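Reviewing the structure listed below.
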Amino acid sequence: MDEGRPTLEVERWCLGHRSIGTRPLDLHEIEGLRRESRRQWMRGFLPIPVYTAIAVLAARAWAALPEGWEPMAGPAAGATIVFLWVGLATAILMTRDLWRAGRDASRDAAVGRAECFGSADTQEEGAAAEALAEIVLRSGSGRVLHGPPGMVGGVVEVSHIAAGARQAWRIPFSMVDGTPAERRRLSAAEREELRRAIDRWRRVRAGSWLALVWVAVVAWGWGQREPGTIGFGDMLGVVASCVLCLWVLASNARRIIASFAMERDLTEGVTLTVRDRFEEEVLPHSGVTWWVGKAPAGWRDLGQS
C-alpha cells in the first residue's frame, strides 16, 4: 500500500459477484485439471507443424505458377509474405497460450483450492459459499473453474475495492434529469479508496509516454526528409502518428479533468443513487459511476497502479 496511507481491508469482486469464501478442490476436480494440463501441453505441439505444412504448400504452389503470371508476381509475393508472417505470429501465440494453459492447470491442481464468488448479500462461507456461488475461480491462476457457459478455463479480471457494505441510510435529494435521486454518505474506507483513485487518475501512464516518444521520433524523421522525397506512405504514417498523439492527449486530459471533479466529490463525501432502468450510484460532481446495482463500477480497483 501507499506509504503514509492507512491500510485498507479489501473485498475481491469478479463479474459483479463478491468473494464469499474459498474451499479445497475435490479429487474429481484435481484429476480433471491434471487431464486438462496434459491435453493443453499436447495441443501446444500442433500449431507450428501445421503452419510449417501450410508454408511449404504455399511455396510449392508459388513455384508451380504457369507462365503469364509475371504482371501479378509483385502483389502476389507481397500478399504471400504478409500471410506467412501473420501465420507464423499466430502459430507462436497459439503455442504460447496452450502451454500457458497447461502450466496453469498443473499449478492449480497443486494449489488445490478454489475461490467462490456469489451474491453481494451472501454472508456464508465454506460449504454454504460453494452452494451459493455463481462463479468459482482456481486459486492459483484465477481461471474459471465453474461459471457461465463459454467462460470455463478462461481468465477473468478480479477487482479489489474497500471492504465494508455500503451504509444503509439514504435520504431523498431532488431530481436528476427528471428521475428521483437519493444521497448516501461515503464510508471512511470508500473515501480513502476515492482518494487513491484520484492520485492514480492524475498520473500519466507509461504507455502514454511511449506513444508520445514515438510521435516525436516520427516528427523528427519527417523533418529530416528532403523536399520532394515524401511519399504517400510517409504521409500516412505522419497522419496516423498525429491521430495517436491526439488520442493519448485527450484520454489523459479526460482523466486529469475528471480527477479534479472527483476531488470535490471527496470533499463533499456523498453519492447520488439514481433509479431509472436500473439502480446506479454516481459521484455527483464528476458523474463517475461508483456502484451499478449491487456491484462496484468496473473501473474501481485498488490493485491497479
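Quick rundown of the values:
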quantity: Estimated distance in nm for a label pair at residue 53 and residue 107, the labels positioned 7 Å out from Cα along Cα-to-Cβ; calculated: 3.2 nm
quantity: Estimated distance in nm for a label pair at residue 204 and residue 86, the labels positioned 7 Å out from Cα along Cα-to-Cβ; calculated: 3.5 nm
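Readers should treat all values here as calculations from the given coordinates under stated rules, not as data from a laboratory. No experiment lies behind these values; they were computed from the predicted model shown. Positions of Cβ are backbone-derived with ideal geometry, glycine not excepted, and every protein chain shown enters the neighbour counts.
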